[in-house]
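Undergrad: Okay, here's the structure, questions in a sec.
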Amino acid sequence: MKKIIALGGSNSKESINKQLAVYAAGQIEDSETIVTDLNEFKLPLYGIDLEKEVGIPQEAIKLNAIIEEADGLVISMAEHNGSYSAAFKNTIDWLSRISQKVWKDKPMLLMATSPGPRGGTTVLSSATVSFPYLGAYVVADFSLPSFYDNFSEDGLKNEELNSVLNQKIKLFQEAI
């Protein structure tokens, strides 16, 4: 059975990106979804002086080990002012101090969503370009616009978007 990490790139307790990642990961056949919440990993704001003083936090080491054990990653990112959320970026910064290959060359379904009509496309585009430099094997990407209009726990309400997501999930499934 494949282990799939579902991670929302936000520290919101009600993260719509976490909801989307968990839903998509749950569609992977013969797999176990490991729901990973940034709130479970309390990381101080990264700084080289702090790292020299106290080293790498155990929470970063713990998350790194979880990623290491996974067969694939489903990550959906929140977009804050056109970029990653501060909590997600800080997590990447700490993980990159353990290994520059933050994502361990694991197959990745990379997504974004937002309440608005653009669905986090700016952050998704940025991550699609930059994540391979951090050891991501981005198999497919997907943006879900207008989350509250298009998402339900039973799936995507919009048939066209649902069909696109299912195609992306299939590509990811084949890669793991």
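Undergrad: Can you find a residue that is closer than 25 Å to Ala60 by Cβ and hydroxyl-bearing (Ser, Thr, Tyr) anywhere in segment 131-139?
TA: There is at least one residue in segment 131-139 that is closer than 25 Å to Ala60 by Cβ and hydroxyl-bearing (Ser, Thr, Tyr).
Undergrad: If you go through segment 2-41, how many residues are in a loop (DSSP other than H, G, I, E, B), among the charged types (D, E, K, R) and under 21 Å from Glu69 (Cβ atoms)?
TA: If we filter segment 2-41 for residues that are in a loop (DSSP other than H, G, I, E, B), which is where we start, we get 10-15, 27-30, 37, 41.
Adding the requirement that they be among the charged types (D, E, K, R) leaves 13-14, 29-30, 37.
Pick out the ones that are also under 21 Å from Glu69 (Cβ atoms) and you get 29-30, 37.
So the count comes out to 3.
Undergrad: Can I ask one more? Looking only at residues that are in contact (Cβ under 8 Å) with a residue 40 or more places away in the chain, in contact with a helix residue (DSSP H, G or I) (Cβ under 8 Å, 6 or more places away or on another chain) and not in a strand (DSSP E or B) in segment 61-84, which one is surrounded by the fewest Cβ atoms within 10 Å (Cβ to Cβ)?
TA: Gly82
Undergrad: Follow-up question, since we're still on this one. Looking at Lys170, Lys101, which is the one that is closer than 21 Å to Ser31 by Cβ and either out of contact with any Phe, Trp or Tyr (no Cβ under 8 Å at 6 or more places or on another chain) or surrounded by 21 or more Cβ atoms within 10 Å (Cβ to Cβ) (or both)? Walk me through how you get there before you give the answer.
TA: Values: Lys101 fails: closer than 21 Å to Ser31 by Cβ.
Among Lys170, Lys101, only Lys170 is closer than 21 Å to Ser31 by Cβ and either out of contact with any Phe, Trp or Tyr (no Cβ under 8 Å at 6 or more places or on another chain) or surrounded by 21 or more Cβ atoms within 10 Å (Cβ to Cβ) (or both).
Undergrad: Please find, among Leu20, Leu43, the residue that is in contact with a Phe, Trp or Tyr (Cβ under 8 Å, 6 or more places away or on another chain) and over 21 Å from Leu109 (Cα atoms).
TA: Criteria check complete, one pass: Leu43.
Undergrad: Has segment 58-70 got any residue that is within 12 Å of the chain's Cα centre (by Cα), under 23 Å from Phe151 (Cα atoms) and among the hydrophobic types (A, V, I, L, M, F, W, C)?
TA: no
Undergrad: Across segment 122-168, what is the total count of residues that are assigned to a helix (DSSP H, G or I) and either at pLDDT below 95 or over 14 Å from the mean Cα position of the chain (by Cα) (or both)?
TA: Qualifying residue count for the region: 17.
Undergrad: So which pairs qualify, if the first residue must be in segment 24-46 and closer than 21 Å to Ser143 by Cβ, the second must be outside any loop (DSSP other than H, G, I, E, B) and of a type in the set (S, T, N, Q), the Cβ gap must be under 7 Å, and the two must be at least 6 apart or on different chains?
TA: Hits for this filter: Ala25/Thr33; Gly26/Thr33; Ile28/Gln173; Leu38/Thr91.
Undergrad: Could you list, in sequence order, all residues of segment 40-60 that are of a type in the set (Gly, Ala, Ser) and exposed (fewer than 13 other Cβ atoms within 10 Å of the Cβ)?
TA: To start, the set of residues in segment 40-60 that are of a type in the set (Gly, Ala, Ser) comprises 47, 55, 60.
Within segment 40-60, Gly47, Gly55 meet the criteria.
Undergrad: Of (1) free of Cβ contacts under 8 Å to residues at least 12 places away in the same chain; (2) within 30 Å of Leu50 (Cα to Cα); (3) of a type outside the set (A, V, I, L, M, F, W, C), Ser125 satisfies all except one. Which?
TA: (2)
Undergrad: In segment 79-93, what count of residues is obtained for those that are under 19 Å from Phe142 (Cβ atoms) and in contact with a strand residue (DSSP E or B) (Cβ under 9 Å, 6 or more places away or on another chain)?
TA: Residues flagged as under 19 Å from Phe142 (Cβ atoms) and in contact with a strand residue (DSSP E or B) (Cβ under 9 Å, 6 or more places away or on another chain) within segment 79-93 amount to 4.
The values are calculated or read from the model by the stated rules, or taken from the named source; none is laboratory data. None of the values given here were measured: they were computed from a predicted structure. Positions of Cβ are generated from backbone atoms using ideal geometry, with glycine treated the same way; all protein chains shown enter the neighbour counts.
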